[in-house]
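**Student:** There's a structure below that I have some questions on.
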Amino acid sequence: MFHLAWFLSWQVQSWNGTWSGEGGDEWNHPDLYVDMTKSLERAGFDYIMFEDGAFVPDSYGGNHDWWLARARSVPKQDPMQLLPILSQHTERLGLVGTMSTSFYPPYMAARTMATIDHLTHGRAGVNLVTSHNTRTAQNFGHEDIFEHDLRYDMADEWIELVKQLWGSWDADALVQDRARNVYVDGAKVRPIDFHGKWHSSRGPLNTLAPPQGNPVICQAGGSGPGRALAAKHCDTLLAQVESVEAMKEYRADVRARMVEAGRDPDSCKVLFIVSPVLGETQEDAEAKNERMLAGFKADISVNLANMSYASGVDFAQYDLDEPFPDLSGTNATRSSMVMMAENAKGMTLRQAAESNVRRSVDLVGTPDAVAAQMGEIVEEVGGDGFLISGNVNRRYIAEITDGLAPELRKRGLIRDGYTHEQFRDNLLEF
Ligand SMILES: Cc1cc2nc3c(=O)[nH]c(=O)nc-3n(C[C@H](O)[C@H](O)[C@H](O)COP(=O)(O)O)c2cc1C
């Protein structure tokens with residue numbers, strides 16, 4: 001059996017397509033996501049994960065116009081506020097939002113996540129990112145983003161502190177002894193007096209220990225320091241790679257790092273991004289896939305902008321028919337840049353942009369065929385599962401939750417219901 005999760009942003013989803021519905025008006029309200037999380041839970045997903053970033057991009061074209069016109073990464077809302085609402089309409093699905101370890105004060109982060117874990121009865125998770133964008137840094141009063149490896153160093157200390165705050169109340173601190181008129185036992189609540197290189201906090205936290213102890217921690221950094229951080233702290237890791245071989249290497253590497261860090265490698269689930277393209281027949285799915293690829297190729301500004309987003313390099317400044325530029329000097333995302341540069345070897349910028357369309361293994365076919373393929377991949381890789389990412393509209397959600405998921409379940413590849421009440425218990429069940 002393997003795990004499924006869904007990756008999206010709380011931003012404008014589909015608004016200008018055949019199946020967008022009222023997407024342009026409803027993206028910033030809960031209903032679409034309430035419908036979606038109910039469907040995901042019916043389908044047996046482990047969690048929904050909302051990525052985030054606190055800036056208006058302007059890395060492509062020298063200003064923010066392209067991004068605003070296309071509604072790409074802006075407008076965007078803080079997913080943490082949405083999670084408790086979604087918990088009111090679901091019972092078991094894990095609910096993950098994103099926080100930046102570079103800019104979120106650790107005490108506030110610990111408090112917010114503890115609060116959400118209480119509100120959701122132990123279904124909260126946090127995707128920890130170090131942030132790779134200069135504009136984010138500037139929004140928080142810095143001139144530039146911290147250096148890549150330093151960001152991970154700071155993140156390690158940040159997580160250590162946050163975990164200590166979560167642990168600053170014993171799980172049995174709440175006694176509610178009416179006879180003695182004692183609500184909380186003071187002996188079971190302690191300051192942490194944390195004085196690190198980057199962060200300090202006295203503590204203790206000012207609420208009860210989160211129901212899960214530590215809310216689920218998720219991470220997606222693919223570089224050496226990113227993987228090391230995940231191996232030390234994470235319950236689930238999100239990875240973007242282009243082949244089954246690379247999936248195998250990635251998972252084996254993270255598991256080896258976990259053993260080195262003294263952890264059981266089965267206690268972190270590595271999920272790989274995929275965007276299945278489903279059809280009534282194989283021909284139908286392939287035709288749909290061809291249409292999608294042709295759409296990307298007809299407007300390479302989307303891929304150029306995506307590349308600018310990940311690298312911080314403005315690809316609008318280059319001649320499209322010159323060789324792909326050297327990216328080695330940037331301080332943004334590392335693993336995606338390595339993948340981008342590998343992919344672009346010997347190509348012009350135009351060729352690279354045209355080929356940089358789907359950076360994951362292809363899953364194209366009927367639900368039955370794709371389910372079989374997913375089973376084979378997990379068998380080959382050794383386990384864990386997939387993170388679905390795709391155009392969020394009700395049609396695509398139904399294709400996955402009511403087309404693909406039943407086929408996966410029929411094969412015994414995904415869960416048929418939830419054994420436990422809390423997120424981590426379900427995640428680590430198999
Ligand atoms: C599935 C996935 C989700 C991510 N979510 C976010 C996010 O919400 N916010 C963010 O700033 N970066 C996000 N990133 C970027 C990562 O945090 C990280 O910067 C990137 O994978 C490069 O890591 P590296 O520099 O360690 O190679 C995501 C990456 C992946 C693959």
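The values are calculated or read from the model by the stated rules, or taken from the named source; none is laboratory data. Note that the coordinates shown come from a computational prediction; the quantities given were computed from them, not determined experimentally. Here the Cβ positions follow ideal geometry from the backbone for every residue, glycine too, while neighbour counts run over all protein chains shown. The protein model used for the area step is the full one, side chains on, heavy atoms only, and it has no ligands, DNA or RNA in it. Shrake-Rupley method; radii C 1.70, N 1.55, O 1.52, S 1.80 Å.
**Student:** Please work out the ratio of the alpha-carbon Rg of segment 260-418 to 2.2 N^0.38 Å and round it to two decimals.
**Tutor:** My calculation over the Cα atoms of segment 260-418 gives 1.22.
**Student:** So, one more: Assigning unit charges at the beta carbon (Lys, Arg +1; Asp, Glu -1) and nothing else, what dipole magnitude in debye, to the nearest 20, does segment 287-396 show about its Cα centre? Display every interim value, and only then the final one.
**Tutor:** On the way: 10 positive and 15 negative charges, 83 e Å.
Roughly 400 debye for segment 287-396.
**Student:** Please find, in a Gaussian network model of the chain (springs between Cα atoms separated by less than 10 Å), the residue of GLN219, GLN317, GLN77 whose mean-square fluctuation is greatest.
**Tutor:** Greatest mean-square fluctuation among the candidates belongs to GLN317.
**Student:** Just add up the charged neighbours of GLY279: K/R +1, D/E -1, any other residue whose Cβ is under 10 Å from the Cβ of GLY279. Don't skip to the end; give the middle numbers.
**Tutor:** Numbers: positive: LYS288; negative: GLU280, GLU283, ASP284, GLU286, GLU399.
Once positives and negatives cancel, what remains is -4.
**Student:** Taking θ as phi - 60°, what are the ³J(HN,Hα) couplings along segment 402-407 by the Karplus curve (6.51, -1.76, 1.60), each to the nearest whole Hz, with x for Gly and Pro?
**Tutor:** 10, x, 6, 4, x, 5
**Student:** Separate question: How large, in percent, is the carbon and sulfur part of the accessible surface of segment 1-142 at a probe radius of 1.4 Å? Intermediate results must be reported in sequence, preceding the final value.
**Tutor:** Details: 2770 of 5630 Å².
Summing carbon and sulfur atoms, their accessible area is 49 percent of the total for segment 1-142.
**Student:** Using alpha carbon coordinates only, what is the Rg to Rh ratio of segment 282-355, with Rh defined as the Kirkwood radius?
**Tutor:** Ratio of gyration radius to Kirkwood radius for segment 282-355: 1.04.
**Student:** Right, another one. Given TRP158, ASN393, MET307, which one lies farthest toward the positive end of the charge dipole of the chain, if we put +1 on the Cβ of every Lys and Arg and -1 on the Cβ of every Asp and Glu?
**Tutor:** Farthest towards the positive end: TRP158.
**Student:** Still on this model: If we restrict to alpha carbons, what Rg and Dmax does the chain come to, in Å?
**Tutor:** Cα radius of gyration and Dmax of the chain are 21.9, 81 Å respectively.
**Student:** List the residues whose amide H sits under 5 Å from the amide H of HIS3, counting only those 5 or more places along or on another chain, with H placed 1.01 Å from N in the peptide plane.
**Tutor:** So HIS3 has HN proximity to ASP384, GLY385, PHE386.
**Student:** Next question. Taking the Cα-to-Cβ direction at ASP425 and at LYS248 and moving 7 Å from each Cα, how far apart do the two end points lie in nm?
**Tutor:** That separation, rounded to one decimal, is 3.7 nm.
**Student:** For the chain, modelled as a GNM with alpha-carbon contacts under 10 angstrom, which of GLY167, GLY295, GLY365 fluctuates the most?
**Tutor:** Evaluated over the chain, the most mobile residue of the options is GLY295.
**Student:** Is there a quick way to get the dipole size of segment 339-430? I mean about its Cα centre, with the Cβ of Lys and Arg at +1 and of Asp and Glu at -1; what is the value in debye to the nearest 20?
**Tutor:** Working: 11 positive and 15 negative charges, 88 e Å.
With Lys and Arg at +1 and Asp and Glu at -1, about 420 debye.
**Student:** Quick one: accessible area per residue over the chain, 1.4 Å probe, rounded to a whole number of Å²? Please list the in-between numbers first.
**Tutor:** On the way: 18760 Å² over 430 residues.
Here the per-residue accessible area is 44 Å².
**Student:** Please list 175-181, 31-37 highest first by mean number of surrounding beta-carbon atoms within 10 Å per residue. Walk me through the numbers before you get to the answer.
**Tutor:** Details: 175-181: 8.1, 31-37: 19.0.
Top of the packing list down: 31-37, 175-181.
**Student:** Which net charge results when you count Lys and Arg as +1 and Asp and Glu as -1 among the other residues whose beta-carbon is under 15 Å from that of ARG411? Please report the intermediate quantities before stating the final value.
**Tutor:** Working: positive: ARG409, LYS410, ARG415; negative: ASP368, GLU376, GLU379, GLU407, ASP416.
With Lys, Arg at +1 and Asp, Glu at -1, the neighbours total -2.
**Student:** Ok, one more. Nearest 0.05, what FRET efficiency do ASP149 and VAL259 give at R0 = 22 Å with Cβ-Cβ as r? The partial results should precede the final answer.
**Tutor:** Details: r = 23 Å, r/R0 = 1.03.
The computed FRET efficiency comes out at 0.45.
**Student:** If the only charges are +1 at each Lys and Arg Cβ and -1 at each Asp and Glu Cβ, what is the size of the charge dipole of the chain around the Cα centre, to the nearest 20 debye?
**Tutor:** Numbers: 40 positive and 61 negative charges, 211 e Å.
I would put it at about 1020 debye.
**Student:** Just report the Cα centroid separation between segment 363-430 and segment 119-188, whole Å.
**Tutor:** Here the two parts' Cα centres lie 31 Å apart.
**Student:** Once both labels are modelled 7 Å past Cα along the beta-carbon direction, what's the LEU208-GLN176 spacing in nm?
**Tutor:** 0.7 nm
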